[in-house]
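S.K.: First the structure, then my questions, so here it is.
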Amino acid sequence: MPGQGDTRLIDTMAILQILEFPDPRLRKIAAPVSVFDEKLELLIEDMFATMYDSQGIGLAATQVDVHKRLLVIDVSENKDSPQVLINPSFKIIDDEPVEYDEGCLSVPGFYETVSRPAEIRVFAQDKKGDQFELMADGLLSTCIQHEIDHLDGKLFVDYISMLKR
């Protein structure tokens, strides 16, 4: 796990290597986070740095070969609304399908239309371990569902036909 034995200053972020499809490590199911400490905070900072450096809007820990239930997201235009979701789950509020052209940092250069439920209620913990809920629709809903799929060993290409894959 990045940060173990790490002597970097907490404000020095690292760009992590993103696993790419078809790497089998992307299929591992992530374990719940149970320790909320400085190492976790450093990993979160590194994940944000990696996501922003790659021009992404979401990144799951699985994608950087850390198999913990952690994801970071920022769907804002100005990249000024970072969100951390630890041990996330969701309940579908509106199952009317919404289509988005999805891409993935683990499947570079490939985009495909995927249908997902329009609105979800998300249950998660923050970096201190405090539980919270949020309602998500539109791009935020799609992004959260996409990243939770990573934590469950799924990729967006699993939603498309074998021919397109």
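S.K.: With viscosity set to 1.567 mPa s and temperature to 4 °C, compute the Stokes-Einstein D of the chain, Rh being the Kirkwood radius across alpha carbon pairs; µm²/s, no decimals. Write out the running numbers ahead of the final one.
M.R.: Details: Rh = 16.1 Å.
The calculation lands on 80 µm²/s.
S.K.: Show me, for the range 53-58, the HN-Hα J-couplings you get by feeding each phi into the Karplus relation (A = 6.51, B = -1.76, C = 1.60, θ = phi - 60°), rounded to Hz, glycine and proline as x.
M.R.: Each residue of the range 53-58 in turn: 4, 8, 6, x, 10, x Hz.
S.K.: Non-local amide H neighbours of E102 (under 5 Å, H modeled in plane, Pro and chain starts lacking H): which ones?
M.R.: E112, T113, V114
S.K.: Spin-label point model (7 Å from Cα, Cβ direction): what's the Q55 to V98 distance in nm?
M.R.: With each label placed 7 Å out from Cα toward Cβ, I get 2.4 nm.
S.K.: Another question about this same structure. Compactness ratio of the range 109-154: Cα Rg over 2.2 N^0.38 Å, N = residue count? Don't jump to the answer; show the numbers that get you there.
M.R.: Details: Rg = 12.3 Å, N = 46, 2.2 N^0.38 = 9.4 Å.
Taking N as the residue count of the range 109-154, the ratio is 1.30.
S.K.: Skipping prolines and chain starts, which residues have an amide H placed within reach, meaning under 5 Å, of the one on K68, given they are 5 or more residues away or on another chain?
M.R.: When sequence neighbours closer than 5 places are left aside, the close amide H contacts are A31, T62.
S.K.: Output ³J(HN,Hα) for the range 14-25: one whole-Hz value per residue in order, computed from phi by the Karplus curve 6.51 cos²θ - 1.76 cosθ + 1.60 with θ = phi - 60°, and x for Gly and Pro.
M.R.: Listing the rounded values in order: 10, 8, 8, 6, 9, 5, 10, 4, x, 3, x, 5 Hz.
S.K.: Another question, then. Leaving out ligands and nucleic acids, and using a 1.4 Å probe, what accessible area per residue does the range 1-147 come to in Å²? Display every interim value, and only then the final one.
M.R.: Values: 7730 Å² over 147 residues.
In whole numbers, the range 1-147 has 53 Å² accessible per residue.
S.K.: Can you give the extra length, in nm with one decimal, that the chain gains between I29 and D152 once fully stretched, where that is 0.36 nm per residue apart less the Cα-Cα distance? Walk me through the intermediate numbers first.
M.R.: Numbers: separation 123, 0.36 × 123 = 44.28 nm, distance 0.48 nm.
My answer for the length gained is 43.8 nm.
S.K.: Further, regarding this structure: Calculate, in nm to one decimal, what E41 and A14 gain on full extension: separation in residues at 0.36 nm each, minus their alpha carbon distance. Please report the intermediate quantities before stating the final value.
M.R.: Working: separation 27, 0.36 × 27 = 9.72 nm, distance 1.25 nm.
Contour length minus the Cα-Cα distance gives 8.5 nm.
S.K.: Can you tell me, using C-alpha contacts under 8 Å and at least 6 residues apart, the relative contact order of the chain as a whole percent? Let's see the in-between values first.
M.R.: On the way: 305 pairs, mean separation 38.1, N = 165.
It comes to 23 percent, rounded to a whole number.
S.K.: I would also like to ask the following. What's the carbon and sulfur percent of the range 23-152's accessible surface, probe 1.4 angstrom, rounded to a whole number? Could you put the intermediate results ahead of the total?
M.R.: On the way: 2900 of 6120 Å².
Roughly 47 percent, rounded to a whole number.
The values are calculated or read from the model by the stated rules, or taken from the named source; none is laboratory data. Given the structure is predicted, the values throughout are model-derived calculations rather than measurements. With ideal geometry, Cβ positions are generated from the backbone for all residues, glycine too; neighbour counts draw on all protein chains shown. All accessible areas refer to the heavy atoms of the entire protein, side chains included, with ligands and DNA or RNA removed. Shrake-Rupley method; radii C 1.70, N 1.55, O 1.52, S 1.80 Å.
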